[in-house]
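Below you'll find the structure, written out as structure tokens, and then a few comments.
The values are calculated or read from the model by the stated rules, or taken from the named source; none is laboratory data. Note that the coordinates shown come from a computational prediction; the quantities given were computed from them, not determined experimentally. Cβ: placed from backbone, ideal geometry, glycine included. Neighbour counts: every protein chain shown. To get the accessible areas, we keep the full protein, side chains included, count just its heavy atoms, and leave off ligands, DNA and RNA. Shrake-Rupley method; radii C 1.70, N 1.55, O 1.52, S 1.80 Å.
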Amino acid sequence: QGLAKAMGVSVELVSRPGRGTVFRVSLPQGLRPSLAPERLPASAQALRGLRVLLIDDDESVRLAMSDLMGVWGVQCEVVASADAALQCLSRFVPDVVLADYRLRSAETGLQAVAAVRERLGMRVPAALVTGDTAVERLHDAQAQGLALLHKPVPADLLQSLLRDLAVAKGEVSGV
């Protein structure tokens, strides 16, 4: 229901005891947006060329986020772990880091962001994205100076966050 709300569509539920449940989501038919900069909304045009490192252990999330940000002209490098993030830093220096809170092997996005910042020797603007709504996640994020978004993240909110973090990049220095 949260995903449907973020997408601006409705969910229909039909359930019969002992037989099962059917969920229906009706989506509007759409066309793949043009990647031409002049066809993008101004809010997305402002993101062209931004370099984002996305750390998420869910392949479907990585693919979807990378595709979405690619439409906006964002250069997005996607990895599944902190180790993979550190390996890609030799060829890709991000302007912004987005990390899922819960990664595999009891690793967290907090740890991944801290590792990236340490390796780069600078406090790269970053945000946690999580489905975990516990108040502790907000405290954890705030303690490390990170923004926090809850899944599912509407596209306009993600654009706004990326713009804010890009602005912060020019204002933040040191580890």
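A search for C-beta distances below 8 Å between a residue of the range 147-158 that is small (Gly, Ala, Ser) and any residue that is assigned to a helix (DSSP H, G or I) and open to solvent by less than 50 Å² (accessible area, probe 1.4 Å), counting only pairs 6+ apart in sequence or on different chains, returns 147/141; 147/161; 147/165. Within the range 108-127, residues that are part of a strand (DSSP E or B) sit with their Cβ atoms under 8 Å from residues that are open to solvent by 10 Å² or more (accessible area, probe 1.4 Å) and at pLDDT 95 or above, at 6+ positions apart or across chains, in these pairs: 126/117. Of 112, 126, all but one fail to be under 17 Å from residue 58 (Cα atoms), among the small types (Gly, Ala, Ser) and either modelled with pLDDT of 90 or more or open to solvent by 60 Å² or more (accessible area, probe 1.4 Å) (or both); the exception is 112. Pairing each residue of the range 132-146 that is under 15 Å from residue 111 (Cα atoms) and among the hydrophobic types (A, V, I, L, M, F, W, C) with any residue that is open to solvent by less than 30 Å² (accessible area, probe 1.4 Å) and assigned to a loop (DSSP other than H, G, I, E, B), provided the two are 6+ apart or on different chains, yields C-beta distances under 9 Å for 141/101; 146/125.
Residues are listed down the side, and each one gets a yes or a no for (1) at pLDDT 95 or above; (2) in contact with a Gly (Cβ under 9 Å, 6 or more places away or on another chain):
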position	(1), (2)
67	no, no
77	yes, no
102	no, yes
133	no, no
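The C-beta contact set for the range 70-91 (first residue touching a residue at least 40 places away in the same chain (Cβ under 8 Å), second residue surrounded by 18 or more Cβ atoms within 10 Å (Cβ to Cβ) and part of a strand (DSSP E or B), distance under 7 angstrom, 6+ apart or interchain) comprises 74/52.
Per the listing 87, 144, the residue uniquely surrounded by fewer than 14 Cβ atoms within 10 Å (Cβ to Cβ), of a type outside the set (Phe, Trp, Tyr), farther than 30 Å from residue 8 by Cβ and in contact with a strand residue (DSSP E or B) (Cβ under 9 Å, 6 or more places away or on another chain) is 87.
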